[in-house]
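Trainee: Sending over a structure as structure tokens; questions will come in a sec.
The values are calculated or read from the model by the stated rules, or taken from the named source; none is laboratory data. Computed from a predicted structure; not experimentally measured. In this analysis, Cβ positions are derived from the backbone assuming ideal geometry, glycine residues included, and neighbour counts consider all displayed protein chains.
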Amino acid sequence: MAIFHIFAFLHKFKDAINVNKILSVSSLILIAALISVLIFAIRIFSKLTFSSFHLVRDSEERAQLTNVYISLIESGKLKDSDAIKTIVESLFARSDTGLLSGSGSPTYPGLLGLIERLKIK
């Protein structure tokens, strides 16, 4: 929709100036600014979209981990306090949205070790 409006504006802009004249520097700067704003908006919306997809997937994984945690408690296989601490830390670790370039992904301390211990029993 925005692209249509920009093309309509550029078409009106072209009709407003004399085509036989060379475009002035100010009109070139205006066109470059409009294109830059459009590209910037596309980048922002794509980052927000991918961040939303990532957060949805992360919440689905945490819901599944919660179900596993509840089933392990109900079956009596989870009695080690270190294992419980590891699972709770994994459930409440912060989520990386991907919007900040310097932020690292969340760490799940010892989750693989917990899975290995549960497989052995």
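Trainee: For region 107-114, state whether one or more residues are at pLDDT below 80, surrounded by 13 or more Cβ atoms within 10 Å (Cβ to Cβ), out of contact with any strand residue (DSSP E or B) (no Cβ under 9 Å at 6 or more places or on another chain) and assigned to a helix (DSSP H, G or I).
Mentor: yes
Trainee: From the list Ile42, Ile120, Ile87, Ile35, which one is at pLDDT below 85 and either at positive phi or surrounded by 11 or more Cβ atoms within 10 Å (Cβ to Cβ) (or both)?
Mentor: Numbers: Ile42 fails: at pLDDT below 85; Ile120 fails: either at positive phi or surrounded by 11 or more Cβ atoms within 10 Å (Cβ to Cβ) (or both); Ile35 fails: at pLDDT below 85.
Answer to the check: Ile87.
Trainee: Here's a follow-up. Given the structure, is Ile22 modelled with pLDDT of 75 or more and β-branched (Val, Ile, Thr)?
Mentor: When the stated conditions are applied, Ile22 does not pass them.
Trainee: Which pairs have Cβ atoms under 9 Å, sit 6 or more apart or on different chains, and link a residue in region 71-82 that is surrounded by 10 or more Cβ atoms within 10 Å (Cβ to Cβ) to one that is of a type in the set (S, T, N, Q) and part of a loop (DSSP other than H, G, I, E, B)?
Mentor: none
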